[in-house]
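Right, one structure below, let's go through it.
The values are calculated or read from the model by the stated rules, or taken from the named source; none is laboratory data. From a predicted model like this one, the values you see are computed outputs, not experimental measurements. When we count neighbours, we look across all protein chains shown, and the Cβ atoms used for this are built from the backbone with ideal geometry, even at glycine. Keep in mind that these areas ignore ligands, DNA and RNA; they rest on the heavy atoms of the full protein, side chains included. Shrake-Rupley method; radii C 1.70, N 1.55, O 1.52, S 1.80 Å.
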Amino acid sequence: MAVFEGTFAPPAEPLHLAVVVARFNDLVTGKLLEGCQDCLKRHGVDPDPYGSQVDYVWVPGSFEVPLVARQLALSHRYDAVICLGAVIRGQTPHFDYVSAEVSKGIAAASFQTGVPVIFGILTVDTMQQALERAGIKGNHGWDYAMNALEMASLMRQLRSNLIDLSPQNGQALPASFSGQNLGNLAPESEEVG
């Protein structure tokens, strides 16, 4: 048996990341983005939007984040997609609907594509709580970038090691993989013919 664990060291082959940022509550999401970019830079990823490692997509609000994150993940151009947003409770049930759907949508995007889609959506009761999590007491944007780096590294390890366990190589898969599409874990192969 083996143990797989992601790392934070810059890989031999550069990572490619996408960051989806909600404009609504941009006072908060802008700070989350700054924390995210700082973390990436300090871990060997060039966060320059005109560089070759990170693409940025701005969407109107947190509700729109999962759709765009899924499309980016489906492209298989990215090792991970980081989602940044802030949903702040008001006096109507709107908060409950938006936060629930965003959570489900981001999780579904990751499950459906096999690409780590990082949940970086603050769901808080007040603007003060949001600002505390976006820089006053610490910046969760840093944490979300760390999660992306670790998961991207882990998934690369799994892809390179699990390809040898695929059914076409004559080996049985562990029970935890039954019914799952292992094709998403395997590197893309060129068609012959």
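Just so you know, in segment 14-29 the residues that are touching a residue at least 12 places away in the same chain (Cβ under 8 Å) and not aliphatic (A, V, I, L, M) include one that is most open to solvent (accessible area, probe 1.4 Å), and it is Phe24. Among the residues of segment 12-31, just one is in a strand (DSSP E or B) and more than 17 Å from Ser62 (Cβ to Cβ), namely Leu17.
For segment 32-76, a residue qualifies if it is of a type in the set (Phe, Trp, Tyr), outside any strand (DSSP E or B) and either surrounded by 15 or more Cβ atoms within 10 Å (Cβ to Cβ) or within 16 Å of the chain's Cα centre (by Cα) (or both), and exactly one does: Phe63.
Selection within segment 89-103: residues that are open to solvent by 10 Å² or more (accessible area, probe 1.4 Å) and either closer than 22 Å to Ala148 by Cα or touching a residue at least 60 places away in the same chain (Cβ under 8 Å) (or both). The member of this set that is nearest to the chain's Cα centre (by Cα) is Ser103. Each residue in segment 104-142 was checked for being open to solvent by less than 50 Å² (accessible area, probe 1.4 Å) and either more than 17 Å from Val68 (Cα to Cα) or out of contact with any helix residue (DSSP H, G or I) (no Cβ under 6 Å at 6 or more places or on another chain) (or both), and 13 of them qualify. The residues of segment 15-44 that are under 21 Å from Glu150 (Cβ atoms) and of a type in the set (Val, Ile, Thr), listed by number, are Val19, Val20, Val21.
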